[in-house]
1. Tally time: how many residues in segment 205-219 are under 24 Å from His141 (Cβ atoms) and either within 11 Å of ligand 1 (Cβ to nearest atom) or without any contact (Cβ under 8 Å) to a residue 60 or more places away in the chain (or both)?
2. Can you name the condition, by its number, that Leu43 falls short on among (1) modelled with pLDDT under 90; (2) over 23 Å from Ala240 (Cβ atoms)?
3. So if I check each of Gly17, Gly40, which one is out of contact with any Cys (no Cβ under 8 Å at 6 or more places or on another chain) and either surrounded by 15 or more Cβ atoms within 10 Å (Cβ to Cβ) or of a type in the set (Phe, Trp, Tyr) (or both)?
4. Only one of these conditions is not met by Ile181: (1) loosely packed, with under 14 Cβ neighbours inside 10 Å; (2) farther than 21 Å from Thr27 by Cα. Which number is it?
5. When segment 188-204 is examined, which residues are found to be farther than 11 Å from Asp73 by Cα and within 12 Å of ligand 1 (Cβ to nearest atom)?
6. Assess whether Val47 counts as being farther than 28 Å from Lys233 by Cα and of a type in the set (A, V, I, L, M).
Amino acid sequence: MDIRVEKFIAPFRVDSGKGFRLKDYSTKNTNGFKDKEAAGDLLAKGVEWMSEQQEMMYAQDQYSMLLIFQAMDAAGKDGTIKHVMSGINPQGCQVYSFKQPTSEELDHDFLWRFSKRMPERGRIGIFNRSYYEDVLVVRVHPELLTKSKLPPEAIGKNVWAQRFESINAFEEHHTRQGTVIRKFFLHVSRDEQKRRLLSRLEEKSKNWKFAAADIAERAHWDDYQAAYEDAIKSTATKHAPWFIVPADHKWFTRLVVAAAIVDAFADLKLKFPEVDKSKRKELKAIEESLKRER
Ligand code: ATP
Ligand code: MG
């Protein structure tokens, strides 16, 4: 599609880990955009275009798209998913939110529960958290690893490098099989997270969103940032790039995510499937007989 979309998302796209440092990426950047209104109109256009593309992808029944969302708490994953996918046909879209693994899930390899939920051909799959938690929260809390039922050789000193290798192989495999993968890290600042957590405490209508656990995880801020940096660095590839999305301004977060999805669809050069000559003839005959019907 538009070269401008590609240019717009370029500063946020990471498709090689070389020299990657999270601190080089701003949480506040709005790339010259000044106001919500202009961004809102553009977002609406993007969503409309996406919805047509999604229909074509569904009709073609060949490709699928996996969108992965990772972030610290209160960075806006839920709101972004809601806004960006608002115009998409719900039948063509599957959203999964991944929590702590169940004991059945822990009885399998760490990719098992995600593998089962990969989008079918023609569909968009959204992972609200993903297998990246297994190199993030599990890395920040090593006791999750030692308490798991994994054999000692699976949790040795190379455990993270090995997990990155498994993730890269998994993503490459699915890309080859027709799944377009895009990964989003909603990059929020520590100050903005504080503001949002405070408003969950102060505003009655937001109280339900507050989880004491978020405060506990906040205390591990630096460990999380380091784990994110290493995970992104180790798994950023041309076919499954990361987007480091500035998340201090929610309206801008949404625009960047939508633009990255628009760009991913554009790469697929989708078309509605064409019917061959004999099928066309058959349809024509049915059309005429239907018109003659009284
Ligand atoms: P929200 O708070 O907006 O509802 P959420 O994604 O934070 O969304 P929660 O139920 O609050 O949902 O949290 C899910 C928790 O599950 C997160 O803290 C996450 O780190 C944790 N989790 C996900 N995968 C794993 C895993 N493999 N091992 C341990 N914890 C995990
Ligand atoms: Mg939470």
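The values are calculated or read from the model by the stated rules, or taken from the named source; none is laboratory data. Note that this is a predicted model, so its numbers are computed, not measured. All Cβ positions, even for glycine, are placed from backbone atoms using ideal geometry, and neighbour counts span all protein chains on display. Accessible surface is based on the protein model in full, side chains and every heavy atom, while ligands, DNA and RNA are left aside. Shrake-Rupley method; radii C 1.70, N 1.55, O 1.52, S 1.80 Å.
1. So the first thing to find is which residues in segment 205-219 are under 24 Å from His141 (Cβ atoms), and the list is 209-219.
Filter once more, so that each one left must be either within 11 Å of ligand 1 (Cβ to nearest atom) or without any contact (Cβ under 8 Å) to a residue 60 or more places away in the chain (or both): 209-217, 219.
Number satisfying all stated conditions: 10.
2. (1)
3. Details: Gly40 fails: either surrounded by 15 or more Cβ atoms within 10 Å (Cβ to Cβ) or of a type in the set (Phe, Trp, Tyr) (or both).
Going through Gly17, Gly40 in turn, the sole match is Gly17.
4. So the condition that Ile181 fails would be (1).
5. Answer for segment 188-204, where residues must be farther than 11 Å from Asp73 by Cα and within 12 Å of ligand 1 (Cβ to nearest atom): just Arg200.
6. Working: farther than 28 Å from Lys233 by Cα: yes; of a type in the set (A, V, I, L, M): yes.
Spelling it out, Val47 is indeed farther than 28 Å from Lys233 by Cα and of a type in the set (A, V, I, L, M).
Here's the yes/no breakdown for (1) away from ligand 2 (no atom under 16 Å from the Cβ); (2) open to solvent by 40 Å² or more (accessible area, probe 1.4 Å); (3) in a helix (DSSP H, G or I):
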{"position": "Leu197", "(1), (2), (3)": "no, no, yes"}
{"position": "Trp251", "(1), (2), (3)": "yes, yes, yes"}
{"position": "Val262", "(1), (2), (3)": "yes, no, yes"}
{"position": "Phe272", "(1), (2), (3)": "yes, yes, no"}
{"position": "Arg280", "(1), (2), (3)": "yes, yes, yes"}
{"position": "Glu287", "(1), (2), (3)": "yes, yes, yes"}
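Conditions (1) within 22 Å of Val257 (Cα to Cα); (2) touching a residue at least 12 places away in the same chain (Cβ under 8 Å), marked per residue:
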| position | (1), (2) |
| --- | --- |
| His108 | no, no |
| Phe127 | yes, yes |
| Glu133 | yes, yes |
| Leu136 | yes, yes |
| Val159 | no, yes |
| Glu203 | no, no |
